[in-house]
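Comments concern the structure below.
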Amino acid sequence: MWADLQAEYGDHIEFVTVDANTRAGADFSDLYGIRGHPGFVAIDAGGEVVHAALGPFDEEGLRELVRSLLPE
């Protein structure tokens, strides 16, 4: 799913996966307030969180979110 989203929207959005079991992943989770796994945040170009959610992700729901974040 992530590879498909990257291929489709990678020119506009950077997709990053983080392993919360590493120091860097734990630091990222702390920084953005992710308190469960899996967690998902969308961060705009200015570094502001524009969406945050916990739980498994439905591919179509993610596609809708990504489309809503793209400039028109």
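Using 0.36 nm times the number of residues separating Asp58 and His12, minus their current alpha carbon distance, what extension gain do you get?
On the way: separation 46, 0.36 × 46 = 16.56 nm, distance 2.07 nm.
That pair, Asp58 and His12, stretches by 14.5 nm at full extension.
Per DSSP H run of at least 4 residues, take -39500 (n - 2.57); add these up for the chain, divide by its residues and hand me the 222 nm value, nearest 500 deg cm²/dmol.
Working: 3 runs with 29 residues, N = 72.
Dividing the helical sum by the residues of the chain leaves -11500 deg cm²/dmol.
Each distinct pair of alpha carbons in the chain adds a 1/r term; the inverse of their mean, the Kirkwood radius, is 13.0 Å. What FRET efficiency comes out for the pair Trp2/Glu72, r = Cβ-Cβ distance, R0 = 35 Å, nearest 0.05? The formula returns an efficiency of 0.90 here.
Each reported figure results from applying straightforward, stated rules to the coordinates on display, with no laboratory input. All of these numbers come straight from a predicted model, not from anything done at the bench. Positions of Cβ are generated from backbone atoms using ideal geometry, with glycine treated the same way; all protein chains shown enter the neighbour counts.
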